[in-house]
Structure formats: C-alpha cells, structure tokens
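Notes for the one structure printed next.
Values in this text are rule-based calculations from the coordinates and carry no lab data. Keep in mind the model is a prediction, meaning the values are calculated, not measured. Virtual Cβ from ideal backbone geometry, glycine too; neighbours counted across all protein chains shown.
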Amino acid sequence: MKEETTPLKRLLKYMKARRGTVWLATIYSILNKIFDIAPPLLIGMTVDVVVKKEDSFVAGFGFHTMMEQIYAIAGLTIVVWVLESFFEYLLKVKWRGLAQNVQNDLRLDTYNHVQKLELSYFENKSTGNLISIMNDDVNQLERFLDDGANSLIQVATTVISIGIIFFYFSPLIAALSFLPVPMVLFGSYFFQKRIEKRYRSVRDNAGLLNSILNNNLAGIATIKSYCAEVFEAKRIKEQSTSYAMANFSAIKLSSLFSPLIRMVILCGFLMTMIVGANKVQSGALEIGSYSVLIFLTQRLLWPLTSLGQTYDLFQRAMASANRIFDLMETPLGIKDGDAISDEEVESIHFNNISFAYEEGFNVLNGIDIKVDSGKTIAIVGSTGSGKSTLVKLLLRFYDCTKGAIELGSHRLTEISQQDLRKKISYVGQDNYLFHGTVEENIAYGIENANREEIIKAAKTAEAHEFIMSLPNGYQTLVGERGQKLSGGQRQRISIARAVMKNSPIFIFDEATSAVDNETEAAIQRSLNKITNEKTTIMIAHRLSTIRHAHQIYVLEKGVVTENGTHEELLAKGGMYKSLWSVQTGE
Ligand SMILES: Nc1ncnc2c1ncn2[C@@H]1O[C@H](COP(=O)(O)OP(=O)(O)OP(=O)(O)O)[C@@H](O)[C@H]1O
C-alpha cells in the first residue's frame with residue numbers, strides 16, 4: 001500500500017484521543033529534565049560562594065556568612081532533587097501507562113479490522129506475518145512509547161535550556177559550543193533516511209520467519225511423516241539467517257551514529273573549555289560561571305550521544321507503525337449491507353450466478369438454483385466441480401462475479417454479513433474445533449448456553465454417547481484444532497455446534513474422507529432430525545446421505561448438468577445414475 005503520510009503522523013493521528021495524556025507526560029518529562037539540569041548551576045553557585053564569600057551571587061539574597069549561603073544552597077539542592085524525583089515518577093507512570101494503553105488499543109483495533117477482512121485476503125497472506133504484526137510490531141511501538149519518546153523530549157529540553165543558560169553567561173561561548181548541534185540534527189536526518197529502509201527489511205524478515213515457524217508447527221505431523229525435519233530445519237535456518245543479516249545491516253549503520261556524533265560534540269566541549277578559560281584569565285568570566293559552563297557541556301554531551309540509541313528505537317518503532325497501520329487500514333473487499341429483520345423468509349435463490357477466484361478462470365457458470373423455505377436440496381458432483389464454492393458464496397465469503405444470490409426478497413449484498421451468517425448453521429469440510437472443552441466447542445458463539453441445551457444438541461447430532469465415553473465427558477479438552485478427537489468425532493461435534501446455533505438455514509458440506517458404516521448411519525440419523533424443518537443445502541459424496549432431498553443438482557465443472565429427485569435422476573440414466581451404481585452396486 002502506498003504510504004501517503006509519515007509513520008509518526010499516522011501514529012499521532014491514531015493517538016488523538018490520548019492527546020491529553022501525551023501533553024501531560026511531555027510536561028512531566030520537561031520538568032524532570034529542568035530539575036535534572038539544575039545541580040550544575042548549584043555547583044557553580046557553591047564555587048562562587050567559596051571564591052567570593054560575602055560578595056557572591058547568593059549573598060545578594062540576604063545570606064551574609066559563607067556557611068549561611070552554603071546552607072541556603074543545600075536547602076535548594078534538596079528541593080531540586082525531590083522535585084526531580086517526583087517528576088521522574090510521574091513521567092514514568094504517564095509514559096508507561098500510555099504505552100500500555102496504546103499497545104492494547106493497537107492490537108485490538110488491528111485484530112478487529114483483520115476479522116472483518118474477506119476470506120480471500122487471508123488466502124493471500126501468511127498467518128505468521130499477521131501474528132508478527134499484531135505481536136512483535138505492536139511490542140516495538142510499546143518499547144518506544146515506554147522510554148524513547150521521553151528520551152527525545154528530554155534531549156530537546158536539554159539543548160534548549162542549556163542554550164538559554166549559555167547565552168546568559170556568554171553568547172560567544174554559547175555560539176561556539178552549540179556549533180555541533182545543527183550538524184548533529186542534519187546528520188540524524190540523513191541517518192534516518194538510510195536506516196529506515198533497513199529496519200523495514202528487518203521487520204519484513206521477522207514476519208516471514210514467523211510465518212514459516214507458524215506453518216511448520218501447524219504441519220508438524222506431516223513433517224514427521226515425510227521425514228522432512230532436515231529439509232525444514234534448513235529452510236528455517238535460511239530465513240533465520242536472512243533475518244539476522246537484515247539486522248546486521250541495520251546494526252552496522254546504527255552503531256556508526258554514536259561515535260560520529262561524539263566526535264562532533266567533542267569540538268563543542270573543547271571550545272567551551274579553551275575559550276572559557278581564556279575569558280576567565282582576562283577577567284571577562286567568573287570562575288563560578290566557568291564551572292557551570294564546563295559541567296553543563298557534559299550534560300549537553302551525554303544525552304546527544306545517546307540520541308543514536310533513541311533514534312534507533314524510534315526508527316524501529318516507525319517501521320513497525322507502518323506495518324501496523326497498513327494492516328489496520330487495509331480496505332475491506334466486501335461491502336456490508338444493511339441489517340434485515342429476523343422475520344424475513346429463508347428461501348434462497350442462486351440467480352444465474354457465475355464466479356471466478358481468479359479473473360478469467362470461472363469456477364461456477366450460470367448456476368440457477370432455488371431452495372424454497374423449509375425444503376432440502378442436495379448438490380453432488382465430482383471433486384473440484386464447485387460445490388463448496390457455491391455455499392461459500394451463500395455465506396458471502398466471496399461475492400459472485402455475475403448474477404446474484406437472493407435470500408427472500410433481498411440480494412445478499414444488501415444484507416449485513418452478521419445478519420446473514422446468523423441465519424445459517426454451517427458444517428464445513430474442515431470442522432475446525434477451538435482449543436477448549438467439548439462443551440465449549442458445542443456452545444461456541446452462544447453466551448450463557450445451559451448444560452441441558454448442549455446435551456440436547458449433542459444428542460441430536462448423535463454425539464452424546466461418544467462424548468460420555470471420553471475421559472472427562474463434556475469437559476474433555478479437544479486440543480488445538482480438535483486434534484485429540486477422530487475425524488468422525490470432530491464432524492459430529494461440529495454438527496452439534498450447528499444444531500446449537502439453531503439457525504433457519506442449515507448447510508452441510510460433507511468431507512470426502514470416508515467414515516465407517518456406524519458413523520455414517522449416526523450422521524444420517526442426525527441429519528434427518530435437523531433438516532426436517534429447516535431450509536437445507538447438503539453437499540454429499542455419499543449419495544445415500546442425500547437421496548431423500550426434495551431436489552438434487554449434479555454439478556460438473558461449475559455447471560448444473562442434471563437436476564431432479566433421486567427417482568427422477570435414476571430414471572434419466574445420466575451422471576447421477578452412474579454415480580449411484582458405482583456406490584451401491586445396483
Ligand atoms: N480459495 C481458492 N482460491 C482459488 N481457487 C480455489 C479456491 N478454493 C477452491 N478453488 C478452486 O475452485 C474449484 C472448485 O473448488 P470447490 O472446493 O468448490 O470444489 P468441490 O466441488 O467442493 O470439491 P470437493 O468435492 O473436493 O470438496 C477447484 O478447482 C479449486 O481448485
């Protein structure tokens with residue numbers, strides 16, 4: 001995506017609502033730094049007292065003896081140190097609190113946006129990279145707000161307040177010792193331009209690495225069964241090395257910054273030392289003022305050398321900010337419609353639709369299928385003929401390329417996606433179960449579901465018996481993706497979940513994997529119960545599952561080639577008949 005604005009502007013715009021906190025934290029940072037700079041002034045005053053006694057600067061405030069003046073300075077020192085500590089506490093609480101709030105907002109807003117993106121977005125992106133943005137990049141920004149922002153503000157405060165003090169004491173020394181500052185700022189600007197690209201590459205490489213790690217851990221069983229451990233270790237090594245190289249390249253440049261800055265600042269320090277000493281010798285500068293200038297040059301020097309590190313943190317954070325905002329601002333590919341009321345009819349009409357995942361490669365062509373409210377239709381056909389695609393279009397995971405799907409009198413595009421999907425109970429092919437108990441998976445998406453309802457749904461799905469035979473019954477943990485259960489068990493829990501959702505439309509997309517006769521009979525019984533009063537679309541490979549459908553459609557290469565009831569299709573003697581014969585031997 002084209003970046004129209006700088007990452008910092010994007011971040012500040014995002015943090016608009018927290019502007020008050022940013023200002024307050026900034027004020028605390030400035031006050032803390034001002035009180036931190038004060039001690040050299042106090043040392044200068046002490047030197048002045050010791051050298052000039054009754055004629056010192058402090059004597060002017062009514063403190064006559066030297067010891068009285070020292071006690072007064074000591075009292076002031078206590079106040080300054082206490083205030084410095086107090087503002088340090090406040091600034092840390094404010095900046096760190098802000099960092100926590102912003103990282104939390106960013107993660108949630110990014111996640112919420114990602115959830116709204118259409119399915120095809122996820123098919124083209126790697127999950128690992130998305131996780132890396134929502135975790136690593138958000139954490140990188142958190143680190144900057146935690147400490148980096150305060151450092152930048154304090155460096156600026158240091159330069160400005162020390163500048164004022166220098167000009168007060170000697171405009172000539174001020175001008176000389178501040179000569180390096182524009183050079184530092186100019187250098188930083190060039191440095192930033194060069195390092196920005198390198199940090200972007202570091203973040204992109206981290207995303208890629210995360211993506212491979214994520215994929216490999218998800219596919220660990222396949223890696224083992226194909227003895228691909230060595231191959232995968234090599235792939236991880238290559239990506240990990242590439243990440244390290246990207247980091248090395250950024251480190252080489254960023255490490256150069258501090259030493260170069262220090263050399264430039266050295267000039268300023270030497271100027272103050274030599275020109276100041278000359279002025280003291282000629283009587284144009286007091287010893288006390290000279291000590292203040294020498295100490296303050298140190299105060300100016302050190303923060304500027306750490307500017308490199310802060311800048312580093314800033315640049316990394318800005319590279320991350322770009323990745324986060326690019327993701328957060330990804331336009332939605334599917335536009336939402338307005339909500340429809342719950343009473344609307346659930347008849348479905350695939351009105352002469354065509355669809356292509358990729359332009360020019362139609363997967364569905366001119367499909368016209370009507371499902372009346374409360375009726376069951378079935379779609380059969382060879383693998384890859386477009387059956388699942390049809391129901392994915394009904395769920396509005398994608399939009400049709402041509403024609404329209406209508407639900408009652410509304411086109412799908414007019415209905416809010418949430419409203420549409422609430423009306424559909426969908427059992428897909430992959431039966432994704434979440435890490436949690438059987439009970440939680442059945443009641444997924446339903447708040448405050450009660451036990452009886454869950455058991456009832458499991459019984460309708462013919463799952464109750466096997467669930468009770470599990471070690472902890474309904475409390476058994478299913479593992480990530482439900483991997484502790486068998487394929488047939490996962491399917492029945494998915495059916496129970498769909499029953500529990502109790503939507504007026506039911507879609508069952510049967511997986512190709514074969515199940516034993518007993519499971520098949522159980523699934524068949526449960527489907528008969530569920531589809532009784534619902535508008536149903538069944539996709540099946542086992543024709544015995546769908547023989548009682550009101551209408552059966554045979555799909556071949558994205559086109560409906562035959563339709564009718566089971567008996568009508570047998571009588572036609574076409575594709576359906578031959579499939580039936582193969583499966584039943586009749
Ligand atoms: N996300 C996708 N991106 C690109 N092409 C896809 C995508 N999903 C499916 N296809 C292609 O669309 C065609 C139809 O796939 P679909 O899953 O609808 O077939 P199906 O009839 O349900 O097959 P099966 O019986 O094996 O489940 C296939 O050629 C497939 O390769």
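Select from THR65, GLN524, PHE314 the residue farthest towards the positive end of the dipole of the chain; place +1 on Cβ of Lys and Arg, -1 on Cβ of Asp and Glu, and compute about the Cα centre.
After comparing all options, I get THR65.
Expressed as a whole number of Å, what is the distance separating the alpha-carbon centroids of the range 530-586 and the range 1-62?
Between the Cα centre of the range 1-62 and that of the range 530-586, the gap is 79 Å.
Whole-Hz ³J(HN,Hα) for each residue in the range 357-363, computed from phi via Karplus 6.51 cos²θ - 1.76 cosθ + 1.60 with θ = phi - 60°, x for glycine and proline: what do you get?
After applying 6.51 cos²θ - 1.76 cosθ + 1.60, I find 5, 10, 3, x, 10, 5, 9 Hz.
How many nm is it between the label spots at GLU518 and SER416, if each spot is 7 Å from the Cα in line with the beta carbon?
The answer from the label model is 4.6 nm.
Find how much the distance from GLN100 to LYS13 grows on full extension, using 0.36 nm per residue of separation minus their present alpha carbon separation; answer in nm with one decimal.
29.6 nm is the gain from fully extending GLN100 to LYS13.
Search the structure for amide H atoms under 5 Å from the amide H of TYR426, placed 1.01 Å from N in the peptide plane, and list their residues when 5 or more places away or on another chain.
ILE507
Per q in 0.09, 0.15, 0.21 Å⁻¹, report the Debye log10 I(q)/I(0) for the range 55-212, using one uniform scatterer on each alpha carbon and no solvent.
Debye curve over Cα of the range 55-212, log10 I(q)/I(0) at q = 0.09, 0.15, 0.21 Å⁻¹: -0.58, -1.05, -1.31.
Starting from a Cα-only point model with no solvent, please compute log10 I(q)/I(0) by Debye for the range 322-432 at q = 0.11, 0.22 1/Å.
The calculated log intensity ratios at q = 0.11, 0.22 Å⁻¹ are -0.40, -1.35.
In terms of the ratio Rg/(2.2 N^0.38 Å) built on C-alpha atoms, what value belongs to the chain?
For the chain, the normalised Cα radius of gyration comes out at 1.45.
Got a sec? Charge dipole of the range 362-500, +1 on Cβ for Lys and Arg, -1 for Asp and Glu; which of GLN475, VAL380, TYR426 is way out at the positive end?
About the Cα centre, the residue reaching furthest to the positive side is VAL380.
Explain nothing, just compute: Karplus ³J(HN,Hα) = 6.51 cos²θ - 1.76 cosθ + 1.60, θ = phi - 60°, for every residue of the range 129-141 in order, whole Hz, x for Gly and Pro.
5, 5, 5, 4, 5, 6, 9, 4, 5, 5, 5, 4, 5
Can you tell me the mean projection area, over all orientations, of the convex hull of the range 27-132's alpha carbons? Units nm², please.
Result: a mean projected hull area of 9.8 nm².
Per DSSP H run of n ≥ 4, the term is -39500 (n - 2.57); total these for the chain, divide by its residue number, and report the mean residue ellipticity at 222 nm rounded to 500 deg cm²/dmol.
-20500 deg cm²/dmol
Scattering from the C-alpha atoms of the range 12-328 alone, worked out with Debye: what is log10 I(q)/I(0) at q = 0.06, 0.10, 0.12 1/Å?
Evaluating at q = 0.06, 0.10, 0.12 Å⁻¹ gives log10 I(q)/I(0) of -0.33, -0.73, -0.93.
Based on the alpha carbon coordinates of the range 217-335, what radius of gyration and maximum Cα-Cα distance (Dmax) apply, in Å?
Considering the range 217-335 through its Cα atoms, Rg and Dmax are 26.8, 88 Å.
Name the residue from ILE195, ILE287, ILE537 whose Cα lies farthest towards the positive end of the charge dipole of the chain, charges +1 on Cβ of Lys and Arg and -1 on Cβ of Asp and Glu.
Value computed over the given set: ILE287.
Taking 8 Å as the Cα distance limit and 6 or more residues as the minimum spacing, I'd like the relative contact order of the range 35-187 as a percentage.
Computed value for the range 35-187: 20 percent relative contact order.
Using the beta-carbon distance between SER409 and LYS53 and R0 = 60 Å, what value does 1/(1 + (r/R0)^6) give for FRET efficiency, to the nearest 0.05?
Result of the calculation: an efficiency of 0.05.
In percent, how large is the relative contact order of the chain, given Cα pairs closer than 8 Å and 6 or more residues apart?
14 percent
Go through the range 192-206 residue by residue and turn each phi into a ³J(HN,Hα) via Karplus (6.51, -1.76, 1.60, θ = phi - 60°); whole Hz please, and just put x for glycine and proline.
Working through the residues one at a time gives 4, 4, 6, 7, 3, 4, 5, 5, 4, 5, 4, 5, 5, 5, 4 Hz.
Among all the lysines, which ones have a C-alpha under 28 Å from LYS577's C-alpha, if same-chain residues fewer than 8 places away are not counted?
Once the sequence-local lysines are set aside, what remains near LYS577 is LYS370, LYS375, LYS387, LYS392, LYS529, LYS534, LYS557.
List the residues whose amide H sits under 5 Å from the amide H of GLY381, counting only those 5 or more places along or on another chain, with H placed 1.01 Å from N in the peptide plane.
LEU555
Which number comes out as Rg/Rh for the range 347-584 once both Rg and the Kirkwood Rh are worked out on C-alpha atoms?
0.97
What residues of the range 9-42 lie in the reach of a label at ASP109, counting those whose backbone N is under 16 Å from a point 7 Å from the Cα along Cα→Cβ?
Flagged as within label range: 9-22.
Which value, in debye to the nearest 20, describes the size of the charge dipole of the range 12-328 about its Cα centre when Lys and Arg Cβ atoms bear +1, Asp and Glu Cβ atoms bear -1, and nothing else is charged?
800 debye
Where the centroid of each part is defined by its Cα atoms, how far is the range 380-400 from the range 222-286 in Å?
54 Å
Quick one: which residues, 5+ away or cross-chain, put their amide H under 5 Å from the amide H of LYS375? H built at 1.01 Å from N.
Those qualifying (amide H under 5 Å, at least 5 residues apart or on another chain) are THR536.
DSSP beta bridges in the chain, what fraction antiparallel, as a percent rounded to 5?
Beta bridges within the chain, antiparallel portion: roughly 50 percent.
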